[in-house]
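*Asks:* The structure that follows is given in the form of structure tokens.
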Amino acid sequence: MSSPDPDLQQGFDAHAPWRRTPSVVLRPEPFGALVYDFGSRRLSFLKDRALVRVVEALDGSASAEAALDVAGVPEADRPLHLAALGALARSGMISPGPLDSDAHDRAVAS
């Protein structure tokens with residue numbers, strides 16, 4: 001019997017579509033980005049430019065894993081990025097999102 005996926009245990013499903021929460025904005029910075037939620041007034045920092053690209057890619061991707069592909073994250077770095085996405089989900093900066101029709105078309109075509 002295989003052990004459960006730790007991402008699923010934390011409420012983060014990397015196979016599901018995710019999006020930046022509507023009240024959240026990213027502000028690019030030399031170190032990565034500031035992430036601000038106008039709803040909760042919470043401020044976070046993304047200190048990895050690749051993670052910034054992943055978060056930006058979420059809205060147009062069929063899943064978090066697809067966003068990693070779009071951002072060009074190497075396989076060896078994916079566990080760290082998935083852990084960071086899980087933390088962003090737990091903090092409310094990203095949320096489960098419906099798959100938009102363009103992302104669905106791209107997923108079907110690939």
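Readers should treat all values here as calculations from the given coordinates under stated rules, not as data from a laboratory. Everything numeric in this text was worked out from a predicted model, so none of it was measured.
*Asks:* Based on the Kirkwood radius over alpha-carbon pairs, what value in µm²/s does the Stokes-Einstein equation return for the translational diffusion coefficient of the range 12-92 at 10 °C and 1.306 mPa s? All intermediate terms of the calculation are to be shown ahead of the outcome.
*Replies:* Numbers: Rh = 12.6 Å.
Stokes-Einstein gives a translational diffusion coefficient of 126 µm²/s.
*Asks:* For R42, which sequence-distant residues (separation of 5 or more, or a different chain) have an amide H within less than 5 Å of its own amide H, given hydrogens modelled in the peptide plane?
*Replies:* D37
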